[in-house]
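*Asks:* Submitted below is the structure of interest, expressed as structure tokens.
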Amino acid sequence: MKKKDLLNKWLNGELTPEEFEVFRTIPEFSSYLKIDAFVKDIDLPKVDVEAGLAELQQTRIRSLDKEKPKLFTLSNVMRVAAILILLLASYYFIANYSVATNTDLAQTEVVHLPDNSLVTVNENSELRYKKFNWGNDREVTLDGEAYFEVEKGSTFTVNTKLGSVRVLGTRFNVSIHGNDLVVSCYEGEVRVMMNDLTIDLPAGRIVSFNLKVPEIADVYLKEPKWLYNESTFNDVPIMKVLSVLESEYNLDLSTKNIDVNLRFTGGFPNDDLEAALQAVTIPLKLNYSIENKDDVTIFGKTNSD
């Protein structure tokens, strides 16, 4: 029997006594015995096959969970959408938030704009503007009358329901009452735009749009008199003057025998009724009577006079 076959049988414990005697004669027999003794002394750990398989299965499941892509649920999408809507709404609110100044009868107010421009708002008027992005978009909306002292910079625009006034830096007055738009330029130059008409108005000039027809004249004042509680007029119809007088003093004003074609240049104080009536009637050779503090009649001479 070959040495290899004897070794296999010995390792498997299958040698007969006769074969073992032959195996002992092999020169390597003593070495085989030492190897066999060393292997038997090794304390191999006990292996729980079933537990090992279970642990392997759990490890595989955890690995698959990590590899799964995260899905956005409907609730997560709605939460993100709500945040975006809130941010957009906040931006829209800030961008469109308007600062408003409203004045009552016999009240004026000075408004300091973000660029240090000043606006004096006359009585019974409203001024609106947006602080957001003011440096690039200097724009106000006016209803009534206001005097502007604009700092130089980007284009400054005054919007009204009848037209707009555009400047870079200057001093000017804008008045809008009913269908009348009046712009006076005291320094620099302003551009008045109404419908398809554009007028560049230099300092010392005034333009009046009456029924959308412009009338341009000289203005000799350095600033509007209403800043000092006075009303001034430059070649305007007498009925318009009386309308302002009635409004300033809250009167019930009536007229008799007045030529409606009369025109008036001048002014009157807004805090002294007697002085105001004299300032209007004397230059036009008219008369007046005061029935009580709220009831006034202005009349012209009759033929018998």
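The values are calculated or read from the model by the stated rules, or taken from the named source; none is laboratory data. As the structure is a computational prediction, the values presented were derived from the model and not from experiment. Reconstructed Cβ throughout: ideal geometry from the backbone, glycine too, with neighbour counts over all protein chains shown. Each accessible area value is taken on the protein alone, full model and side chains, heavy atoms only, with ligands, DNA and RNA left out. Shrake-Rupley method; radii C 1.70, N 1.55, O 1.52, S 1.80 Å.
*Asks:* Can you compute the charge dipole magnitude of the stretch 147-277 about its Cα centre, using +1 on each Lys and Arg Cβ and -1 on each Asp and Glu Cβ, nothing else charged? Give it in debye, rounded to the nearest 20.
*Replies:* Details: 12 positive and 19 negative charges, 95 e Å.
With Lys and Arg at +1 and Asp and Glu at -1, about 460 debye.
*Asks:* Need one number: nm distance between label points at residue 155 and residue 97, each 7 Å from Cα along Cα→Cβ, rounded to one decimal.
*Replies:* Here the modelled spin labels are 2.7 nm apart.
*Asks:* Working out 0.36 nm times the residue gap between residue 222 and residue 196, then minus their Cα-Cα distance, what length gain in nm do you get to one decimal?
*Replies:* On the way: separation 26, 0.36 × 26 = 9.36 nm, distance 2.99 nm.
So the extension gain works out to 6.4 nm.
*Asks:* From the convex hull of the Cα coordinates of the stretch 88-222, what is the mean projected area in square nanometres? Numbers along the way, then the final one.
*Replies:* On the way: hull surface 34.6 nm².
Mean orientational projected area (the stretch 88-222, Cα hull): 8.6 nm².
*Asks:* Report the net charge of residues surrounding residue 144, where surrounding means a beta-carbon distance below 10 angstrom and charges are Lys +1, Arg +1, Asp -1, Glu -1. Could the numbers behind the result be given before it?
*Replies:* Details: positive: none; negative: 123, 126, 143, 145.
Result for the neighbourhood of residue 144: -4.
*Asks:* Ignoring ligands, DNA and RNA, please state the percent of accessible area on the stretch 199-302 from carbon and sulfur, probe 1.4 Å. Provide the component values of the computation, followed by the final result.
*Replies:* Values: 2870 of 5900 Å².
Carbon plus sulfur share of accessible area: 49 percent.
*Asks:* Tally Lys/Arg at +1 and Asp/Glu at -1 over every other residue whose Cβ is under 13 Å from the Cβ of residue 225; what's the total? Walk me through the numbers before you get to the answer.
*Replies:* Working: positive: 222; negative: 145, 223, 230, 248, 271.
After counting each charged neighbour, the total is -4.
*Asks:* Then there's this: Ranking request for peptides 152-160, 252-260, 198-206, 164-172: highest mean number of other beta-carbon atoms within 10 Å first, then the rest in descending order. Intermediate results must be reported in sequence, preceding the final value.
*Replies:* Numbers: 152-160: 17.3, 252-260: 13.0, 198-206: 15.8, 164-172: 20.3.
Result, highest mean first: 164-172, 152-160, 198-206, 252-260.
*Asks:* Would you mind calculating the gained length between residue 83 and residue 179 on full extension (0.36 nm times residue separation, minus the Cα-Cα distance), in nm to one decimal? List each step's numbers first, then the result.
*Replies:* Working: separation 96, 0.36 × 96 = 34.56 nm, distance 4.67 nm.
Gain on extension, residue 83 to residue 179, equals 29.9 nm.
*Asks:* Residues in the stretch 231-261, backbone N under 16 Å from the label point at residue 289 (7 Å along the Cα-to-beta-carbon vector): list them, ranges by number please.
*Replies:* From the stretch 231-261, the list is 252-258.
*Asks:* I've got another one for you. 7 Å from Cα along Cα→Cβ at both residue 254 and residue 106: what's the point-to-point distance in nm?
*Replies:* If labels sit at residue 254 and residue 106, their model points lie 2.5 nm apart.
*Asks:* Residue 116: net charge of surrounding residues, Cβ under 10 Å, Lys/Arg +1, Asp/Glu -1, itself excluded? Before the final figure, lay out each step's value.
*Replies:* Details: positive: none; negative: 115, 149, 151.
Value of the local net charge: -3.
*Asks:* What does the extension gain come out to for residue 189 and residue 162, with contour length at 0.36 nm per residue minus their alpha carbon separation? Write down the numbers at each step before the final one.
*Replies:* Working: separation 27, 0.36 × 27 = 9.72 nm, distance 1.98 nm.
Full-extension gain reported as 7.7 nm.
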